[in-house]
1. Suppose we filter Thr78, Thr2 for residues that are under 45 Å from the mean Cα position of the chain (by Cα) and either exposed (fewer than 10 other Cβ atoms within 10 Å of the Cβ) or of a type in the set (Ser, Thr, Tyr) (or both); which single one remains?
2. Can we say Glu99 is open to solvent by 80 Å² or more (accessible area, probe 1.4 Å), acidic (Asp, Glu) and modelled with pLDDT of 95 or more?
Amino acid sequence: MTQQGAVLQGYNNELVKCIEDLCIQKEELNKQIQQAEEEKNKLQHEIQVLKDQLDCVCENLAQKVASRNELDKILAETEAAYMKILDSSRTLLNVLKKEVGSLKHTSELKTN
């Protein structure tokens, strides 16, 4: 019976050792899980910060593109108006030259 008790005690010791090993493994796994959760939270925070920055850049870009489009429109209208002014100036200059030529011709006829 003593021998059976010793065998039983050996089994008990091995069982306790296995349970202790499993508890150590569980604690290590819990530490790894906690570290992974902290890393996940950190990355999610960084993603949110980057998303906020991206939203800000996109909004700023949209405003700049709208401003550029407005400037393009103003520039096109201004260039068109300037071309009309140039055309009117050329027409006025041609009319004035004709009038001056006509006046010179009329003056020459009167002096002759």
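The values are calculated or read from the model by the stated rules, or taken from the named source; none is laboratory data. All of these numbers come straight from a predicted model, not from anything done at the bench. A quick note on method: Cβ atoms are made from the backbone with ideal geometry, for glycine too, and the neighbour counts reach across all protein chains shown. The accessibility values were calculated without ligands, DNA or RNA, using every heavy atom of the protein model including side chains. Shrake-Rupley method; radii C 1.70, N 1.55, O 1.52, S 1.80 Å.
1. None of the others qualify; the one that does is Thr78.
2. no
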